[in-house]
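The values are calculated or read from the model by the stated rules, or taken from the named source; none is laboratory data. In this text, all values refer to a predicted model and were calculated from it rather than measured experimentally. Every residue, glycine among them, receives a Cβ derived from its backbone with ideal geometry; neighbour counts consider all protein chains shown. The accessibility values were calculated without ligands, DNA or RNA, using every heavy atom of the protein model including side chains. Shrake-Rupley method; radii C 1.70, N 1.55, O 1.52, S 1.80 Å.
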Amino acid sequence: MRYTLNLRDTYMNNNVVIIGTQWGDEGKGKIVDWLTSYAKAVVRFQGGHNAGHTLVVDGKKTILRLIPSGILHENVICYIANGVVVSPEALLEEIAELEKHGISFCGRLHLSYAAPIILPSHVALDQAREHVLGIHKIGTTGRGIGPTYEDKVARRGLRLVDLLDINTLTEKVTTLVNYHNFLLEHYYQVKPIALKDILSTAMEWSQQLSPLITDVSHCVRTHQDKNEPVLFEGAQGSLLDIDHGTYPYVTSSSTTISSVFSGVGIGPSQVDTVLGIMKAYTTRVGSGPFPSELHDETAEYLAKQGHEFGSNTKRLRRCGWLDIVFIKKAIQLNSISCFCLTKLDVLDGLSHINLVIDYQIKSMLSLDMEEPIYDILPGWESNTAGIRDWAALPLNTKSYIEKIESLIGVPITMISTGPDRADLIIRKNPFQS
Ligand code: IMP
């Protein structure tokens, strides 16, 4: 289903970036999906199949890891840009799954020639490393994301462009896999990966993916030159950023606004609006500090009501209160101009709701030891699920949202009140000026 809107009359902000402002899993997928109805193109610019977007459309659940959810809208063109690490195996599985559901890919999915390739040996390295770290493990998704980004900056990785030349592909794959196998066998002391299997699958990937490989930066520029609305879809969240997140418990890409520019190949003037996605509470998967984390029945309540287990790895998410200090940091890192508040309805049953407004010690160096200072607000203890109109929200819900707005100084222009695509309160569409 596609929402009808007259593109030319309505759009002024043609280039909207969506950024997660916590530790990921803020509910970006649904918002990307909704905004896609107003876009001509959707572009993924970082991360890989460590992301997982659960979408509910007309009651039907779809999980996407790599392909932009724009693929569900038949007139939208989807791009996987150079900042994304691509597992051909995962991508082909996702394509096959969507095709089973009648989604057509013809001319609608394009991959950057410069996107790094995730090989099975990257996955093996990721998992071996986590195993060795034991209790100090990062809690990665085990999908080979980190080792692939490492190979990229070490200038030894493979890129999708390498699939285009089968004469040199064998040699390139062999060199890289031999290096990985050396590490696996001699450093991590685990079984190496069978080179011949990777070589034969690489040939299949070449055949299947070559027609999709192109210059994504140029394609995006072409949409922009025609004044067509483009949505840039971030994965993970600002606190998982390799530079600005809770290092070393982060992912291996930049999850903040800068990666739109390097990860697609556009400049800052080619972005009009940065929409931050903020969940009404906080969750985290994997290890690392989480000062507002709860370990009581409220945590259980949030996990249960919010279905807080990973759509990708099925791991249970840690739950805690919304942290205004971190949201302010995300605003600063990303120049966020407006917010979508998600999963508001999950708070429906709570008698009070805490907000972290400050810390006893103000340092990003010792988050583990930090004692948050809370503001305690009354809950609303009534149903907001599925409300689509601001006026229909309970008074205390409005006060909660307005309190957040006054603390962060950025408007909350969209509010999500349920998993369905239509469960949204739109105070202002980010594509409109
Ligand atoms: P990696 O990205 O698989 O290397 O995992 C590094 C850290 O980022 C781990 O704590 C993961 O749980 C976390 N992470 C990666 N992708 C996501 C995501 O899409 N949502 C939430 N956390 C993520």
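Here is a list: G142, G134. Which entry is within 16 Å of the ligand (Cβ to nearest atom) and touching a residue at least 60 places away in the same chain (Cβ under 8 Å)?
So the residue among G142, G134 that is within 16 Å of the ligand (Cβ to nearest atom) and touching a residue at least 60 places away in the same chain (Cβ under 8 Å) is G142.
Out of all the residues in region 303-324, which are of a type outside the set (F, W, Y) and touching a strand residue (DSSP E or B) at 6+ places or on another chain (Cβ under 6 Å)?
The answer is A303, E308, S311, L316, R317, R318, C319, G320, L322, D323, I324.
Here's the yes/no breakdown for (1) more than 16 Å from the chain's Cα centre (by Cα); (2) at pLDDT 85 or above; (3) in a helix (DSSP H, G or I):
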| site | (1), (2), (3) |
| --- | --- |
| V56 | yes, no, no |
| K61 | yes, no, no |
| L66 | no, yes, no |
| G70 | no, yes, yes |
| E74 | yes, yes, no |
| Y79 | no, yes, no |
| E89 | yes, yes, yes |
| A96 | yes, yes, yes |
| C106 | yes, no, no |
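For region 299-333: of the residues being β-branched (V, I, T) and open to solvent by less than 20 Å² (accessible area, probe 1.4 Å), which is farthest from L407 (Cα to Cα)?
Residue satisfying both the conditions and the ranking: I327.
What pairs can you find where one residue is in region 286-302 and closer than 29 Å to R143 by Cα and in the same structural domain as D25 (by TED's automatic domain parsing), the other is open to solvent by 30 Å² or more (accessible area, probe 1.4 Å) and assigned to a helix (DSSP H, G or I), and their Cβ atoms are less than 6 Å apart, with a gap of 6+ or different chains?
Partner pairs satisfying both residue conditions: P289/D368.
Given (1) farther than 30 Å from L111 by Cα; (2) open to solvent by 60 Å² or more (accessible area, probe 1.4 Å), identify the lone condition not met by Y281.
(2)
Which residue pairs have Cβ atoms closer than 8 Å, lie 6 or more positions apart in sequence or on different chains, and pair a first residue in region 152-172 that is without any contact (Cβ under 8 Å) to a residue 12 or more places away in the chain with a second residue that is surrounded by 18 or more Cβ atoms within 10 Å (Cβ to Cβ)?
Pairs that qualify, where the first residue is without any contact (Cβ under 8 Å) to a residue 12 or more places away in the chain and the partner is surrounded by 18 or more Cβ atoms within 10 Å (Cβ to Cβ), are T168/D162.
Name the residues in region 242-260 that are more than 10 Å from the ligand (Cβ to nearest atom) and touching a residue at least 40 places away in the same chain (Cβ under 8 Å), would you?
Result: H244, S254, T256, I257, S259, V260.
So if I check each of S269, S238, which one is modelled with pLDDT of 95 or more and away from the ligand (no atom under 11 Å from the Cβ)?
S238
Among the candidates L344, L333, which residue alone is out of contact with any His (no Cβ under 6 Å at 6 or more places or on another chain) and either modelled with pLDDT of 95 or more or farther than 23 Å from L302 by Cα (or both)?
Going through L344, L333 in turn, just one is out of contact with any His (no Cβ under 6 Å at 6 or more places or on another chain) and either modelled with pLDDT of 95 or more or farther than 23 Å from L302 by Cα (or both): L344.
When region 113-127 is examined, which residues are found to be within 15 Å of the ligand (Cβ to nearest atom) and hydrophobic (A, V, I, L, M, F, W, C)?
Matches in region 113-127: I118, V123, A124, L125.
Give region 141-169 a look and list any residue that's open to solvent by less than 50 Å² (accessible area, probe 1.4 Å), in a loop (DSSP other than H, G, I, E, B) and closer than 23 Å to H186 by Cβ, or say none.
G142, G144, A154, G157, L158
Within region 231-239, is even one residue under 27 Å from the mean Cα position of the chain (by Cα), in contact (Cβ under 8 Å) with a residue 12 or more places away in the chain, farther than 23 Å from N167 by Cβ and in a helix (DSSP H, G or I)?
yes
When you scan region 1-54, how many residues do you find that are open to solvent by 20 Å² or more (accessible area, probe 1.4 Å), part of a strand (DSSP E or B) and at pLDDT 90 or above?
0
Which residues, counting only those in region 184-228, are open to solvent by 80 Å² or more (accessible area, probe 1.4 Å) and assigned to a helix (DSSP H, G or I)?
Residues satisfying the conditions are E185, H186, Y187, K196, D197, E204, Q207, Q208, P211, H218, R221, D225.
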